[in-house]
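K.L.:
Okay, handing you the structure first.
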Amino acid sequence: MAVAKYVCTRTKRKEDRRLITGLSTYVDDLKLPGLLHVAIIRSIHAYAKIKSIDISSAQKLPGVVAVVTGEEIKDKLGSVPCAAQIPDLKVPRHPVLAIGKVRYVGEAIAAVVAGDRYVAQDAADLVEVNYEPLAAVVDPLKALEPGSTVIHEECKDNIAFVTKTAAGDVAKAFREAEAPIIKQRMINQRLIPMAMETRGVVAQYQPGDKMLTLWSSSQIPHLLRTLVAGIVGLPENHVRVIVPEVGGGFGSKLNVYREEGLLAYLAMKLGRPVKWIEGRRENFLATIHGRDQIDDVEIAVKKDGTVLGLKLKVVADLGAYHQLLTPLIPGLTGAMIVGCYRFPNVSIETYGVFTNKMATDAYRGAGRPEATYLIERVMDLVAAELKLDPVAVRQNNFVPMNAFPYTTPTGLTYDSANYQNCFQKALEMANYKGLREEQKKLRQQGKYMGIGISTYVEICAMGPSSGMPAGGWESATVRIEPTGKVTIYTGSSPHGQGQETTFSQIAADELGVPFDDIIVQHGDTSTVQYGIGTFGSRATAVGGTAVYMALQQLKEKVGKLAAHLLKTDSSAFVLEGGRVTLKGDSSKSMSFFDLAQAAYHAKSLPPLPPKMEPGLSATAFFEPSNYTFPFGAHIAVVEVDPETGEINFKRYVGVDDCGRIINPLTVHGQIHGGIAQGLGQALLEEAVYDENGQLITGTLMDYAIPKSVDIPWFELDKTETPSPVNPLGVKGVGEAGTIGSTPAIVNAVVDALAPFGVRHLDMPLKSERVWQAIKNAKPRA
């Protein structure tokens, strides 16, 4: 790489100025001539037959243009797609509007189109749906039972898939255990991603050239174009997707939803642009949920805490239908269950189960927070059972630094790591020994301080195409304009990660041009070459590498052109300060502007080197050879009030290793946000359905998310272990805080309650739950 002037520096984000001044354009800001508004009628039952739908009153309301139902469009639109590929996976039809039955509260049944948003909603309220309610299946364990109500008639039961994997000799490991087998059921509760901007779609169809344009708040513009084209039956090159500003995604917008197919159909049917903006209540009901696993784990250990073997049974609540990646998420839990540790003997059974709820899918971390929570709770359970320090248990089981690249029993190959160094740094920052001494003194005073540890590793930079449902590469085009300015077109689709800044930093160093001379374009499938999108902490590790590769191609052309223009045989030039200078000879130099002019106007004699095309542009596609595996160590210190169950943070320490850091400012921002969301799961958030399948936490009055007063001060640091997978050495950081924080916080609370004999508590650790545990506890002997 070039000498770093911008890379590795705390550079303010380019995109922030328009965001904080309100100058950004979101889907709901779009106003097209003749725009119509769509309101959707959604099911009030979790499981019911649709006996009839009376739309006559809605059709008569002045201003209503159209009312459509599932029966009208069932033969005109394809199914909402699922990209997962698992052996024997059951994929029931997922209609754009319900046909015959509804299978979760919030399922779309019909749509009203009107010239005014409020008229559309008024008309939707006039649609009368006659239901025959059926017994809903809400508990995934009951859904597994023989004789349970079958949600999809085309399936013989509610089991969407079963996978079983094993490595080593698990039975022998359990026979050789030197301590009682440790068993624990852990629940990873259902969560709601809760992006600040709800989903939204605008569709416009031009019948003259049969061109459909779709604006959507999405993380995957090109994949969305491909899949929506399939739903509506248009050639892909007759569909254009534009993703404007996105107000948060967290995986919930890594999807293709019913509304995108529906709006496309309505625009084509009516010949006018249509808009749908999701309400917050709809967002609770009809945007994917996250997590929702019941996990039974067993572990065999030696007396010193060395793990001999692990058994895991995962029951994953998939909801009523598959969304794009629904069946794949539980597999990531199994893949990462060994964490940072050497577990030679592992067996994993995973059951994906249909229930009468909204689908689960990727939510920040997507399967990896579940795995880290499991294994980090297990390490504390081992320490408690054997009366060992949880630090020592982890250190005894770490994969040693000289073992990398390390192949896990689940089949992954960790690229690079130094878990010991990272962990030691966190322990020193926290003054771990001092904390234990303080804890002992406080307990003598009747105060209950807890220290929670989490040492995590995650799979990122999704990833090699062989392991991805729709390709794992990424693309970039870099163009030097005739004036010497630089435009980057990335197939990634940043929506808060800061790639407009970090990609500009990389280009500024490589080309030696001012940072402000570079812009990054993304999200428009008609101007940007095909790309995969932003998810799985891949945008910089994969998309940024594609940018870097395109820059290397450009630099080669710049060198050849400069050699031709400056009449030298050498193409070894230094690009710095807006000039191109022959290495070792400053007399052979020209401005970047003059070189760009020459490349486009081609007026030199001869105009260009032999076989060189005019212009300065390069496109690269980067296919990674492996995933990357960032890691870190988080330590939470809390105090629990035994009279109320209230939890107060005393400290929060985190040391993360995401490989080479392009911009420390954006890295810290990602970690801050991730920890906040992990804290939300640990202490506050829980999507609750009652026995009838009604979402009873369907508003922000009932579903608690962290507020600023709930967030502790973060003491953060880093180690840097470059990844060999890409030339930038970066690994990814977007999900690190979410993965590392949840088990650290839960471990801290359980540690605080150890004198009461509390062994485990399921999330969220609300004050009432903690107080009840203290009340019912039997003090430890």
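The values are calculated or read from the model by the stated rules, or taken from the named source; none is laboratory data. Not measured: the values here are computed from a predicted model. Here the Cβ positions follow ideal geometry from the backbone for every residue, glycine too, while neighbour counts run over all protein chains shown. With ligands, DNA and RNA removed, areas are computed over all heavy atoms of the protein, side chains included. Shrake-Rupley method; radii C 1.70, N 1.55, O 1.52, S 1.80 Å.
K.L.:
Is there a quick way to get the dipole size of region 406-559? I mean about its Cα centre, with the Cβ of Lys and Arg at +1 and of Asp and Glu at -1; what is the value in debye to the nearest 20?
P.N.:
The calculated dipole for region 406-559 is roughly 880 debye.
K.L.:
FRET efficiency for residue 650 and residue 767, Cβ-Cβ distance as r, R0 = 22 Å, nearest 0.05?
P.N.:
0.85
K.L.:
Related question: Quick one: if the Förster radius is 60 Å, what FRET efficiency do residue 187 and residue 603 give, using the C-beta to C-beta distance and rounding to 0.05?
P.N.:
My answer for the efficiency is 0.25.
K.L.:
Can you tell me, using C-alpha contacts under 8 Å and at least 6 residues apart, the relative contact order of the chain as a whole percent?
P.N.:
Worked out over the chain, it gives 15 percent.
K.L.:
What number comes out for the charge environment of residue 569, summing +1 per Lys or Arg and -1 per Asp or Glu over other residues with Cβ under 13 Å away?
P.N.:
+3
K.L.:
Show me the chymotrypsin sites (Phe, Trp or Tyr not before Pro) within region 685-781 that DSSP assigns to loop and that have at most 12 other Cβ atoms within 10 Å of their Cβ.
P.N.:
713
K.L.:
Which ³J(HN,Hα) values in Hz, rounded to whole numbers, follow from the phi angles of region 330-337 under the Karplus curve 6.51 cos²θ - 1.76 cosθ + 1.60, where θ = phi - 60° and Gly and Pro get x?
P.N.:
Once rounded to whole Hz, the list reads x, x, 5, 4, x, 5, 9, 5.
K.L.:
Near residue 301, within a Cβ-to-Cβ distance under 9 Å, what is the net charge of the other residues, with Lys and Arg +1 and Asp and Glu -1?
P.N.:
Taking every other residue near residue 301 into account, the sum is -1.
K.L.:
If I compute solvent accessible area with a 1.4 Å probe over the protein chains, what percent of it on the chain is carbon and sulfur?
P.N.:
Percent of accessible area from carbon and sulfur atoms in the chain: 52.
K.L.:
Quick one: accessible area per residue over the chain, 1.4 Å probe, rounded to a whole number of Å²?
P.N.:
For the chain, the solvent-accessible area averages 38 Å² per residue.
K.L.:
Mind checking which lysines have their C-alpha under 18 Å from residue 440, skipping anything on the same chain fewer than 8 residues away?
P.N.:
List returned: 387, 650.
K.L.:
How far apart, in nm, are two points set 7 Å out from the Cα along the Cα-to-Cβ line at residue 176 and at residue 17?
P.N.:
Going from the residue 176 label point to the residue 17 one covers 6.4 nm.
K.L.:
Quick one: if you stick a label point 7 Å off each Cα along the C-beta vector at residue 93 and residue 59, how many nm between them?
P.N.:
2.3 nm
K.L.:
Considering Cα pairs under 8 angstrom that are at least six residues apart, work out the relative contact order of region 466-612 and quote it in whole percent.
P.N.:
26 percent
K.L.:
Can you find, among 300, 507, 598, the residue sitting farthest towards the positive end of the charge dipole of the chain, where Lys and Arg contribute +1 and Asp and Glu -1 at Cβ?
P.N.:
It is 598.
K.L.:
So which GluC sites (Glu not before Pro) in region 86-162 pass both tests, a DSSP loop state and at most 14 other Cβ atoms within 10 Å of the Cβ?
P.N.:
Those satisfying the criteria are 153, 154.
K.L.:
Among all the aspartates and glutamates, which ones have a C-alpha under 15 Å from residue 357's C-alpha, if same-chain residues fewer than 8 places away are not counted?
P.N.:
Cα-Cα hits under 15 Å: 107, 139, 282, 292, 317, 686, 690, 691.
K.L.:
For residue 651, what charge total do you get from the other residues with a beta carbon under 12 Å from its beta carbon, if Lys and Arg give +1 and Asp and Glu give -1?
P.N.:
Net charge around residue 651: -2.
K.L.:
Using the per-residue mean of other Cβ atoms lying within 10 Å as a proxy for protection, in what order, highest first, do the peptides 417-427, 130-140, 168-178 fall?
P.N.:
417-427, 130-140, 168-178
K.L.:
Go ahead and estimate [θ] at 222 nm for the chain from helices alone: -39,500 (n - 2.57) per DSSP H run with n ≥ 4, summed, over the residue count, rounded to 500.
P.N.:
Mean residue ellipticity at 222 nm (helix-derived): -8500 deg cm²/dmol.
K.L.:
Could you tell me which of rounded, prolate or oblate describes region 421-560, using a ≥ b ≥ c as the square roots of the eigenvalues of the alpha-carbon gyration tensor, with rounded for a/c under 1.5 and, failing that, prolate when a/b is larger than b/c and oblate otherwise?
P.N.:
prolate
K.L.:
Apply 1/(1 + (r/R0)^6) to the Cβ-Cβ distance of residue 153 and residue 44, taking R0 = 22 Å, and write down the FRET efficiency to the nearest 0.05.
P.N.:
0.50
K.L.:
What helices in the chain pass both tests, a Cα length along the helix axis of 24 Å or more and a mean Kyte hydropathy of -0.5 or higher, using whole DSSP H runs?
P.N.:
368-386, 545-565, 664-683, 736-752
K.L.:
Here is a further query. Using amide H atoms built in the peptide plane, which far-off residues or other-chain residues are under 5 Å from residue 628 H to H?
P.N.:
460, 461
K.L.:
Quote the charge dipole size of the chain about the Cα centre in Debye, to the nearest 20; the model charges only the Cβ of Lys and Arg (+1) and of Asp and Glu (-1).
P.N.:
So the dipole magnitude of the chain works out to roughly 860 debye.
K.L.:
Please report the orientation-averaged projected area of region 503-572, defined via the convex hull of its C-alpha atoms, in nm².
P.N.:
That works out to 5.9 nm².
K.L.:
Which of the trypsin sites (Lys or Arg not before Pro) across region 530-568 are loop residues per DSSP, with 10 or fewer other Cβ within 10 Å?
P.N.:
Sparse-neighbourhood loop trypsin sites (Lys or Arg not before Pro): 567.
K.L.:
Another one. Ranked highest first by average number of other Cβ atoms within 10 Å, how do 330-339, 742-751 line up?
P.N.:
Top to bottom by mean Cβ count within 10 Å: 742-751, 330-339.
K.L.:
Suppose every K and R has +1 on its Cβ and every D and E has -1 on its Cβ; what is the size of the dipole of region 114-258 about the Cα centre, in Debye to the nearest 20?
P.N.:
560 debye
K.L.:
In the structure displayed, which of 12/766; 302/778; 90/766; 172/778; 101/142; 164/707 lie more than 32 Å apart, Cα to Cα?
P.N.:
Pairs exceeding the cut-off: 12/766; 90/766; 172/778; 164/707.
K.L.:
With the cut-off at 1.5 for a/c, could you classify region 363-406 from its C-alpha gyration tensor as rounded, prolate or oblate?
P.N.:
Here region 363-406 falls in the oblate category.
K.L.:
Specify whether the C-alpha gyration tensor of region 534-665 places it in the rounded, prolate or oblate class, a ≥ b ≥ c being the square roots of the eigenvalues: rounded for a/c under 1.5, otherwise prolate if a/b is larger than b/c and oblate if not.
P.N.:
Prolate.
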